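FYI, it's all coordinate maths here, none of it is from the lab. In this text the structure is predicted, and so the values were computed from the model without any measurement. Cβ: placed from backbone, ideal geometry, glycine included. Neighbour counts: every protein chain shown.
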Ligand code: LM2
Ligand code: CA
């Protein structure tokens, strides 16, 4: 009888920012499914204002599925093809507001009565202002109104009818939790929901208010690891996630960066614009560390805040950056993609064990007996030593440096030997990493 591939949970997803539906479908089939990604967060699929800036997508004109990522038919086809590849689709649902223009959206339809009357700038020390005034001038929907809730729910149900599996609730902090809960009560089935709330100490609206509805973004994660990887001191990340004021792990969505942070907050948060492989190392850490449900950002190169996506997609003649193209394709960086399998294969082990650090910028830890990772952020020192991995004896693929082929049980790069006591020798260059897990054992 043929060996049955061991099913492991899919525990990390990717944001294919501004990707076309056709490209996403191909990516699910050829890469994301085989690599074990759980889902794709897609850019807002609803009809929006038409200008070339990326942020046009956050200014809805109606709930029709049309825009520069493709048509409704292409969207539906993508959902089906990704699902067949084992990959869910999460829709970025922009439901707090409509576009910044006259309060008249005949295609929904919404008219002036469907919007809040406050047009002042938001005062972040006032709950009412945060949730009732216009976020950066965007017309704020009366989400307490039954008819507005129904129109939003109709849009989400339309997405669900095409097979969508989950939603990112955009600008959730600007919608009272009770309103999101009421909308959720109108939608079919039990889709995955995560809510974008940028928690800030001292503000009246807190992330914890939203956890009874679904998961919530934990911005603290990216904002904590960013400075440590940029400026040093990554050993201080030991215990991250258990820190005071943070969401519990099973409610948190984490990321190394996201589409807003890489534009609004590049000084603090890692992005592809960081030199020296630091962003790569940050992604390895995010995927290795057992906190939250991580999202890998996959975007494109930009040299201005507004810059929209490349004019051709990855599967339509353009290429990923490492092949000379305009899309960064972080999710395809070998070590990033392979760390998704690491996370999947270590998912049942919540503990960090065998933590080691050199006192500053070299760290290593086990995920019980299921995986072991070493990250070297030191600017010059190598790691060359034996570690207690706690793993079963055997030969493992270093998935940062090579790909493991489950069919043939072979590794395209160097392997690492774990001895009968669980010890293994690791050589890790400056600004590099190494990782082994039970799903990539020769
Ligand atoms: C989000 N989460 O809560 C999105 O993740 C974020 O990307 C969105 O802002 C925001 N909320 C609203 O959905 C982006 C972008 C803004 C942009 C808005 C709307 O960061 O800069 O605002 O989308 O397109 C733009 C202009 C801004 C202008 C506004 C209204 O940049 O200067 O404000 O449109 O015309 C007067
Ligand atoms: Ca609001």
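Packing, as the average of other Cβ atoms within 10 Å across residues, places the peptides 425-432, 196-203 in the order 425-432, 196-203, highest first. In terms of the mean number of neighbouring beta-carbon atoms within 10 Å, the peptides 165-175, 77-87, 414-424 order highest first as 165-175, 77-87, 414-424.
Applying 0.36 nm per residue to the separation of residue 117 and residue 30 and subtracting their alpha-carbon distance, the gain on full extension is 26.5 nm.
Need one number: % antiparallel among DSSP beta bridges in the chain, to the nearest 5. The antiparallel fraction comes to roughly 55 percent.
Here the calculated FRET efficiency for residue 305 and residue 420, from their Cβ-Cβ distance with R0 = 60 Å, stands at 0.60, rounded to the nearest 0.05.
Mind giving me the FRET efficiency for residue 182 and residue 157? R0 is 22 Å, r the Cβ-Cβ distance, nearest 0.05 is fine.
Numbers: r = 14 Å, r/R0 = 0.65.
E(calc), rounded to 0.05, equals 0.95.
Beta bridges per DSSP, both residues in the stretch 1-108: antiparallel share near 30 percent.
Mean separation of Cα pairs under 8 Å and 6+ residues apart, divided by the residue count of the chain: what relative contact order is that in percent?
Relative contact order here is 13 percent.
In the chain, the longest principal axis of the Cα atoms and the axis of helix 219-231 are about 50 degrees apart. Modelled this way, with points 7 Å down the Cα-to-C-beta line, the labels at residue 50 and residue 348 are 5.3 nm from one another.
Estimated from the Cβ-Cβ distance and a Förster radius of 45 angstrom, the FRET efficiency linking residue 102 and residue 8 is about 0.30.
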